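First up is the structure itself, then whatever we jot down about it.
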Amino acid sequence: MRTPLSRGRAATAASLAGALLLTGCGADVEERDDDKSSATVERCGEKVAYTVPERVVAYEGGSADKLFSLGLTEHVLGYVMPPANPPVSQSPWAKEYAEVEKLGEDLLNKELVVSQKADLVVAGWNSGFSDQRGITPKILDKLGIQSFMHTESCYNYPGHPVRSAPLEALYEDLERLGAIFRVEDRAEKVVADLRKRVDAVSDDAVENGPPVFLYDSGTDQPFTAGNQVPPNDIIRLAGGRNIFAGLDERWTQVSWEAVAKGAPEVVIILDYGDKPAAEKIDFLKKSPRTRDLPAVKNDRFFVLDYNEGISGPRNVDGLEKFGAYLKKTYG
């Protein structure tokens, strides 16, 4: 059983004097009368004041990865990881996952957060936070529990929708978390490194790349990626063209007829922990609605890890791999 650590408090106190004004990501640090500080950060367009959390609950790999990439392991109490996520042992931050508690493998819920005395919950809208499940930022606000929502997911947030290109939203999240935890310099370096890696792929991308279909799930009707989720940026920056880039949606349902009309030359398979890529490829090869697609006939499948497809620093890993795949296939 992991007990909450206090090393972050000392580091926080030492860093307050050097806290930066982060107007570019919608964050600033304010001194309070009681000599503590709060960082005012945008949460889906709303300005929210945060104190430095010490008992963070992260939902899904993307949330935990953002925290771990910023070196915030000591602030993380634990994570909730539903079955869709691949094993954390496969993560670049496997060591950090092992240092915190696995709090559950189901959907996020208020009872768990309250029982664990969390002081910050990191999740996305409709991916963790949900009106239907009774755990929303507003509900947590009333309980005195801070919450942080992935900017990419704000596109669907009722009353405060925010539109941001998915990878830009990732950078904004890292900068805002940097402000909340008073590690702005660290966040700046992490973002600069990610941008450099993205630029390297984009600068060397194939020209006039192929039409691409991302297959998430579904047999009667497929779920896929619109232009408000990371795979759209992964496809675009690698030189491909998402056949559903015209849909102002996040993860959305379409028809097989629309897929056929797009004539994808490459299919990206989103590989879930509980819905393996091999099963999805087998379905596409056998279904009369998909077996004649150019990508299927030519066996052009690219497997994208679940945590490379949801908002998180592993998006850039996915981009690098897909960029290399297109260069090998079409370069």
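Of all the strands (runs of 3 or more DSSP E) wholly in segment 211-304, which have at least 1 residues that are among the aromatic types (Phe, Trp, Tyr) and in the same structural domain as residue 317 (by TED's automatic domain parsing)?
Values: elements: 211-215, 223-225, 251-253, 266-271.
So the answer is 211-215, 223-225, 251-253.
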Extreme residue, farthest from the chain's Cα centre (by Cα), among residues of segment 296-315 that are among the aliphatic types (A, V, I, L, M) and under 21 Å from residue 210 (Cβ atoms): 296
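Please enumerate the residues belonging to segment 196-210 that are of a type outside the set (S, T, N, Q) and part of a loop (DSSP other than H, G, I, E, B). Full working, then the answer.
Here is the first cut: in segment 196-210, the residues of a type outside the set (S, T, N, Q) are 196-201, 203-207, 209-210.
Selection gives 204, 205, 206, 207, 209, 210.
From 176, 186, 195, grab the single residue that is crowded, with 22+ Cβ neighbours inside 10 Å, in contact with a helix residue (DSSP H, G or I) (Cβ under 8 Å, 6 or more places away or on another chain) and over 16 Å from residue 309 (Cα atoms).
Values: 186 fails: crowded, with 22+ Cβ neighbours inside 10 Å; 195 fails: crowded, with 22+ Cβ neighbours inside 10 Å.
Sole residue among the options that is crowded, with 22+ Cβ neighbours inside 10 Å, in contact with a helix residue (DSSP H, G or I) (Cβ under 8 Å, 6 or more places away or on another chain) and over 16 Å from residue 309 (Cα atoms): 176.
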Matching residues in segment 204-237 - criterion: being over 28 Å from residue 161 (Cα atoms) and either surrounded by 24 or more Cβ atoms within 10 Å (Cβ to Cβ) or of a type outside the set (A, V, I, L, M, F, W, C) (or both): 204, 207, 208, 209, 210, 211, 219, 220
The one condition in (1) over 25 Å from residue 291 (Cα atoms); (2) part of a helix (DSSP H, G or I); (3) in the same structural domain as residue 281 (by TED's automatic domain parsing) that residue 167 fails to fulfil: (3)
Count of residues meeting criterion [crowded, with 16+ Cβ neighbours inside 10 Å and part of a loop (DSSP other than H, G, I, E, B)] in segment 72-106: 9
Checking residue 287 against (1) surrounded by fewer than 17 Cβ atoms within 10 Å (Cβ to Cβ); (2) out of contact with any Pro (no Cβ under 7 Å at 6 or more places or on another chain); (3) over 13 Å from residue 219 (Cβ atoms), the condition it does not meet: (3)
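The values are calculated or read from the model by the stated rules, or taken from the named source; none is laboratory data. Quantities reported herein were computed from a predicted structural model and do not represent experimental measurements. Methodologically, a virtual Cβ is constructed for each residue, glycine included, from the backbone with ideal geometry; neighbour enumeration extends over all protein chains shown.
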